[in-house]
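Peer 1: Quick one: the structure is below, and I'll ask about it shortly.
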Amino acid sequence: MSLISQNVGSKNRVKRSNTDEPAFLGVNNSNADADEPAFLGVHKDDEGGIESDLVLSKTKKKRKERDELLEKQLEIEEGKEMKKLENFLFGSLYSPVEFGKEEEKKDSLSFFLDRSVGSVEPGYEEDAELMRESDIEEERKAVWLDEEEEKTKVNIAKVNRLRKLRKDEDESLISGSQYVSRLRAQHAKMNPGTDWARLDSRSRNDGLSDDELSDEENGIVLARGYKNDNAYDDILRTNEDLVVKSRAKLLPGLLEYSRLVDANAEDPSNGPINSVQFHQNAQLLLAAGLDRRLRFFQIDGKRNTKIQSIFIDDCPIRKASFLPDGSKVIIAGRRKFFYSFDLVKAKVDKIGPLVGREEKSLEVFEVSPDSSMIAFVGNEGYILLVSSKTKELVGTLKMNGTVRSLAFADDGQQLLSHGGDGQVYHWDLRTRACIHKAVDEGCIHGTALCTSPARNLFAAGSDSGIVNIYNRDEFLGGKKKPIKTIENLTTKVDLLKFNNDAQILAVCSHMKKNSLKLIHVPSFTVFSNWPPANSAIHYPRCLDFSPGGGFMAMGNAAGKVLLYKLHHYDHA
């Protein structure tokens, strides 16, 4: 077979060499090579062109795929760079940490031990015990030892004050080292440390200590997030209160307070301040006086920014008061009319004179707690009842003597009045009838009256400086004896004011400098450190407590509104 194939090939080569025709004309030659297909000989150039086109298309595809991969890699790298930049600029605000997906740094350790909760990796318990023992030995190892302590002998039975160091009655001589250790133990016994300050205290994990139990009995509870004793490190990671006081009682004796920036420091008054009052949101304070201006301040204790000032042209302001719902301000003076200022619309309305009345002054009034009624002091013992919605006279009440002061009770359902006959009247505003009246003990002319928002108390002041504090239920029941009589003022009582929880009663007189006393109501004693000795409060004219009790504002005749922070109260 091999020989035949070789000969056939040689014959064909001979024939092709003998012919002078071109290669492409040998297609129709009958002597052509039968083993080789005719079209292969004809299109050799075309075959080479097709192969080159295929190669070019493949290389283009490869280049295109390579370019796409490069673009994707560049986008990924750019995204990583952007994330790194965001983390550098903004921390983890926009890229929260995903545990287990962080890229490990090349220079960082490949592992670490977490000892935050006292856990030990499995298989390392023995090493951990050895480390703890070595640490304890290093901590307990003394830096310096006195060799004379072992040689020294101390007779603890001979000295009276050392006998408490004995363990047995017959014990007398002990070594110097034992003497030192027993002295230390006695000192620790007599001066116990605070357990909450000991980070290495393990006994607290077993349960609550006696101090913690007593704290719970006193109404002191752990703040949210600190019920787990193991979370010592969390104390420095939050700004929450560590201890929350609930139902705390104000202690008598000394009042903890601090003087703040004057409430009207940005715009002091040119005349005496006759009214100061906090809004129900505890941030807005009004101040009004004889300079005919009503000013509003935002109280923060630092800047006390002025918000607005309103000038009343024809009425020097004797009294201004918010409606309890906070929507309007009632402004009155020694005029037969009064004003209503709408806080929402910033509009002032002039109201009056009242139909059928001839009063020339409406400067003394009180607003009911439900914001439905305004009671004005009228002439000849009359009390004028005006609707706060329609601003019209809806009724009158008549006392035997002149009216000097008013106070609402029972959420506006009852009204108390005090005046020239020395008697305290109780009125039922639903029936417009007097339900009770009795003489204020020791009073000739009543000048001030105030009811407490809690504990059902009321206080009555007279022109002699005497203030009587009554329980209203007992007073209505026929008991005429006051619970306590305050005799710290020597001039006419012009103002009485309870704070929000009725633990403080302010007693004020306009006729004498620094004549402002603060009474601790539960004990009925005067705070000894008030008024301040160093700073004169001048002639006090008006006073108010913030709704939360944290601030106390006092206006004086010099046109200033003094602001104080009462530290017992946490909120304004």
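The values are calculated or read from the model by the stated rules, or taken from the named source; none is laboratory data. Quick caveat, the model's predicted, so the values are computed rather than measured. When we count neighbours, we look across all protein chains shown, and the Cβ atoms used for this are built from the backbone with ideal geometry, even at glycine. Remember, those area values only see protein heavy atoms, side chains included, never the ligands or the DNA or RNA. Shrake-Rupley method; radii C 1.70, N 1.55, O 1.52, S 1.80 Å.
Peer 1: Please list the non-local residues whose amide H lies under 5 Å from the amide H of LEU496, H modeled 1.01 Å from N, same-chain partners needing a gap of 5 or more.
Peer 2: LEU449
Peer 1: Taking amide hydrogens as modeled 1.01 Å from N in the peptide plane, which residues meet the under 5 Å criterion relative to ALA438, leaving out close sequence neighbours?
Peer 2: Here the answer is VAL424, since their amide H atoms fall under 5 Å of that of ALA438.
Peer 1: Treat segment 430-537 as a sphere of radius equal to its Kirkwood radius over Cα pairs and apply Stokes-Einstein at 4 °C in a medium of 1.567 mPa s; give the translational diffusion coefficient in µm²/s, rounded to a whole number.
Peer 2: 89
Peer 1: Based on the mean of other beta carbon atoms within 10 Å per residue, what is the order of 334-346, 313-325, most packed first?
Peer 2: In descending order of packing, they fall as 313-325, 334-346.
Peer 1: Sticking with this one: List the residues whose amide H sits under 5 Å from the amide H of ARG318, counting only those 5 or more places along or on another chain, with H placed 1.01 Å from N in the peptide plane.
Peer 2: Placed amide hydrogens put ALA332, GLY333, ARG334 under 5 Å from ARG318.
Peer 1: Here's a follow-up. Got a sec to turn the phi values of segment 346-352 into Karplus ³J(HN,Hα) couplings, 6.51 cos²θ - 1.76 cosθ + 1.60 with θ = phi - 60°, whole Hz, x for Gly and Pro?
Peer 2: Result, rounded to whole Hz: 6, 10, 9, 10, 9, 10, x.
Peer 1: In whole Hz, with x marking every Gly and Pro, tabulate ³J(HN,Hα) for segment 144-151 from phi via Karplus 6.51 cos²θ - 1.76 cosθ + 1.60, θ = phi - 60°.
Peer 2: For segment 144-151, the Karplus-derived couplings read 9, 10, 9, 5, 6, 5, 5, 7 Hz, x marking Gly and Pro.
Peer 1: Compute the separation of the alpha-carbon centres of segment 408-453 and segment 270-326 and state it in Å as a whole number.
Peer 2: Cα centres, segment 408-453 to segment 270-326: 28 Å.
Peer 1: At each listed q (0.16 Å⁻¹), what is the log10 of I(q)/I(0) that the Debye formula gives for segment 273-395 modelled as equal alpha-carbon point scatterers?
Peer 2: Taking Cα atoms of segment 273-395 as identical point scatterers yields -0.74.
Peer 1: Give the Kirkwood hydrodynamic radius (Å, one decimal) of segment 452-503, defined as one over the mean of 1/r across all pairs of different Cα atoms.
Peer 2: Every distinct Cα pair counted, the radius reaches 11.6 Å.
Peer 1: What does the convex hull of the Cα atoms come to per residue for segment 361-401, in Å³?
Peer 2: About 69 Å³ per residue, rounded to a whole number.
Peer 1: Could you order the peptides 526-533, 550-557 from most to least packed, using the average number of other C-beta atoms within 10 Å per residue?
Peer 2: Peptide ranking by packing, descending: 550-557, 526-533.
Peer 1: Still on this structure, I have one more. At a Förster radius of 51 Å, what calculated FRET efficiency corresponds to the Cβ-Cβ distance of SER327 and ALA188, to the nearest 0.05?
Peer 2: In this case the efficiency is close to 0.25.
Peer 1: If the viscosity is 0.692 mPa s and the temperature 37 °C, what translational diffusion coefficient in µm²/s does Stokes-Einstein give for segment 280-322 when Rh comes from Kirkwood over Cα pairs?
Peer 2: The Stokes-Einstein estimate is 298 µm²/s.
Peer 1: Hey, another quick one. How large is ³J(HN,Hα) for each residue in segment 441-446, as worked out from phi by the Karplus curve 6.51 cos²θ - 1.76 cosθ + 1.60 (θ = phi - 60°), to whole Hz, x for Gly and Pro?
Peer 2: 3J(HN,Hα) across segment 441-446, in whole Hz: 4, x, 9, 9, 10, x.
Peer 1: If DNA, RNA and ligands are ignored and the probe is 1.4 Å, what is the ranking of LYS164, LYS80 by accessible area, most exposed first?
Peer 2: Listed by decreasing accessible area, they come as LYS164, LYS80.
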